[in-house]
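Working notes, structure below.
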Amino acid sequence: MTFLLMLFVFVLAIFAGNELISKVPPTLHTPLMSGANAISGITIVGALMCAQFAPDEGESVFSNTASILGVLAIAFAMVNVIGGFMVTDRMLAMFSSKKKKK
Amino acid sequence: MENFSFAQLLYLVATALFIMGIKKLSKVKTARSGNALAAVGMGLAIVITLVAPGLGIKLNWPMVAMGCLGGGLLGLIMAKRVEMTGMPELVALLNGFGGLASTFVALSEFWGRYLGQTDLTATAASSDEGLLLGGAVWAVAIVLSVLVGTVTFTGSLMAMGKLSGRLSGNPILLPGRHLIVAIVLFGGLYMGYLAGFSEVGDSAMYMILGLTACAAIFGVVSVLPIGGADMPVVVSLLNSYSGIAAAMAGFVIGNSLLIVAGALVGASGMILTVIMCKAMNRSLGNVLVGGFGGDAVAVGGADAADYEGVKSAGPEEAAMILEAATSVIFVPGYGMAVAQAQHVVKELGEELEARGCKVSYAIHPVAGRMPGHMNVLLAESDVPYEQLFELERINGEFKTTDVTVIVGANDVVNPEAIENPASPIAGMPILNTHESGTVLMIKRSLSPGYAGIKNPLFERDNCYMCFGDGKAFIQEMLIELKEG
């Protein structure tokens, strides 16, 4: 993909984001933030691609700087993704369970 | 469309899921399904990447397994174990990890491709993603990804420290901090420039490491001087940064899914940041410069001696006041979170309701330490959503309300904001609690709130100070009420 095309996508997505979430009820401030945070874990895709920088055959992953960094990238992105979505769901579950009782 | 691939099409599906997810996340009814939708999008993106990472790219499975299992397990444990009161810290920490991951992606790309530790030239030539960006753009993206990702990480750690009380909530003003900020920012950018455009080989590597170190210091020194109560702004801004960092990582690897998802997060974080700033009637710049509030600027501020004619009430007296009330508004603040008083507050609310009293809760947008903090705590203790009111909707009601119970809030109910144009908080929208019949101010002492200024509400005729720990005081009040 060319740079210009990527820049187009980036700028348009920011505008789209602004339109999508212009009005947020205060109740949802925290879950929206936490859910958005989980989405920012999309960097996991980049992290997984780093697993192409593999060490040579038969060598430990930790013998190569690029692959050590790659593993760290995957791990931290994964914490962000799993932790983020689960915590958001826990929060939102509290909001909705109460509704049923009413 | 010679580069067309099925995997790319599925990435587009994941992008659509994120857009739908984040849209639904901003409506109360659909929020939970929105989150689930985004999670499905994430799962899809991960699976596509694992199955078809791109032409000619082979993933090293031990690396994938190690990272996924280690990180996934840690995330699982953290999400399961966290108490609702620890939520602000966790969100800040996860946010930091997201930024750190983007940094590592850029660094790993740099080491693997740029330093040529792995010879990918053959595969890159035939790849549809590989080195297409090449040269300058790629270099800039790496530098920005490292910069924003690292700032997000260390900044979030500082925010987390402040939220959890491990660091002082007061602004921490390092001597010469503006100079330090300027040096690390420009030094970092210059090193980034050298790494990308001038140096080669090991020398470029040192420049990238220098950039990382500068970015790390920048994150620390830019969050330290910002006081605890401004954390809602900082946390949402850092949230925005983590999105930008992910989008930059997208530029690095040439993937539009990362760019779109990152941009969406960047936008949503920015929207929240603006909402938080408006709620305090301050500009983003003013918040970021820091130094607002806390001990450091309590000049002409308040301590107990400055107050005259303050009336106090014990639990017994307070209970009697509540007993006679037909309408009560609760105003929770950060003190309620600290005292973990949300459950007793809810019990008290229910007891009053059972006596035929009208009960509502007034939520100031920046009450607490993260956007929507009070809503989360009250939801945890099962306060019905219908009883929670935003500032604009409830401010007219204080006039006709018998009793307002303020639990651990101070600056957001300070009438100075509307009555004294010279006050540091002048113009900040406040809850007009002083207009209600009686105010019960549950607070540990007469000490000033975060803004470090006197609150004349304490001296008003209709205000009773209820000194004590929020939770303990309300419990005693509840017992009195039930016995009386």
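Results, tabulated for the structure shown:
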{"read-out": "Lone unmet requirement of (1) surrounded by fewer than 20 Cβ atoms within 10 Å (Cβ to Cβ); (2) of a type outside the set (Phe, Trp, Tyr); (3) more than 7 Å from chain A (Cβ to nearest Cβ) for residue B:58", "value": "(3)"}
{"read-out": "Every pair of residues 6+ apart whose Cβ atoms lie under 8 Å, when the first sits in the stretch A:33-50 and is within 7 Å of chain B (Cβ to nearest Cβ) and in contact (Cβ under 8 Å) with a residue 12 or more places away in the chain while the second is outside any helix (DSSP H, G or I) and buried (at least 24 other Cβ atoms within 10 Å of the Cβ)", "value": "A:46/B:255"}
{"read-out": "Yes/no for residue B:103 being hydroxyl-bearing (Ser, Thr, Tyr), in a helix (DSSP H, G or I) and over 22 Å from the mean Cα position of the chain (by Cα)", "value": "no"}
{"read-out": "Within the stretch B:61-71, tally of residues that are under 30 Å from residue B:162 (Cα atoms) and either β-branched (Val, Ile, Thr) or surrounded by 18 or more Cβ atoms within 10 Å (Cβ to Cβ) (or both)", "value": "3"}
{"read-out": "Residue count for the stretch B:333-390, restricted to those that are of a type in the set (Gly, Ala, Ser) and crowded, with 24+ Cβ neighbours inside 10 Å", "value": "8"}
{"read-out": "Check on residue A:85, among the aromatic types (Phe, Trp, Tyr), at pLDDT 95 or above and more than 13 Å from residue B:100 (Cβ to Cβ)", "value": "yes"}
{"read-out": "Lone unmet requirement of (1) of a type in the set (Ser, Thr, Tyr); (2) surrounded by fewer than 24 Cβ atoms within 10 Å (Cβ to Cβ); (3) at the interface with chain B (Cβ under 7 Å from one of its Cβ atoms); (4) free of Cβ contacts under 8 Å to residues at least 24 places away in the same chain for residue A:63", "value": "(3)"}
{"read-out": "The listed residue being more than 7 Å from chain A (Cβ to nearest Cβ), crowded, with 17+ Cβ neighbours inside 10 Å, out of contact with any Ser or Thr (no Cβ under 7 Å at 6 or more places or on another chain) and modelled with pLDDT of 95 or more, out of B:14, B:39", "value": "B:14"}
{"read-out": "Lone qualifier among B:136, B:229, B:182 - being assigned to a helix (DSSP H, G or I), assigned by TED's automatic domain parsing to the domain that holds residue B:98 and crowded, with 19+ Cβ neighbours inside 10 Å", "value": "B:229"}
{"read-out": "Any chance residue A:31 is in contact with a Lys or Arg (Cβ under 9 Å, 6 or more places away or on another chain) and at pLDDT below 95", "value": "yes"}
{"read-out": "The stretch B:19-36 - residue that is of a type in the set (A, V, I, L, M, F, W, C) and part of a helix (DSSP H, G or I) and, of those, surrounded by the most Cβ atoms within 10 Å (Cβ to Cβ)", "value": "B:25"}
{"read-out": "Residue ID - modelled with the highest pLDDT, chosen from residues in the stretch A:56-82 that are polar (S, T, N, Q) and more than 23 Å from residue A:40 (Cα to Cα)", "value": "A:65"}
{"read-out": "Filter result (of a type in the set (Ser, Thr, Tyr) and farther than 19 Å from residue B:468 by Cα) within the stretch B:324-383", "value": "B:326, B:327, B:360, B:361, B:381"}
{"read-out": "Cβ-Cβ under 7 Å pairs, at least 6 apart or on other chains, the stretch B:62-83 side within 7 Å of chain A (Cβ to nearest Cβ), far side among the aromatic types (Phe, Trp, Tyr)", "value": "B:71/A:76"}
{"read-out": "Residue pairs meeting the criteria (Cβ under 7 Å; at least 6 apart or on separate chains; first free of Cβ contacts under 8 Å to residues at least 60 places away in the same chain, in the stretch B:160-186; second surrounded by fewer than 16 Cβ atoms within 10 Å (Cβ to Cβ) and part of a loop (DSSP other than H, G, I, E, B))", "value": "B:180/B:174"}
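The values are calculated or read from the model by the stated rules, or taken from the named source; none is laboratory data. All figures in this text were calculated on a predicted structure; none of them were measured in a lab. Backbone-built Cβ (ideal geometry, glycine too); neighbour counts: all protein chains shown.
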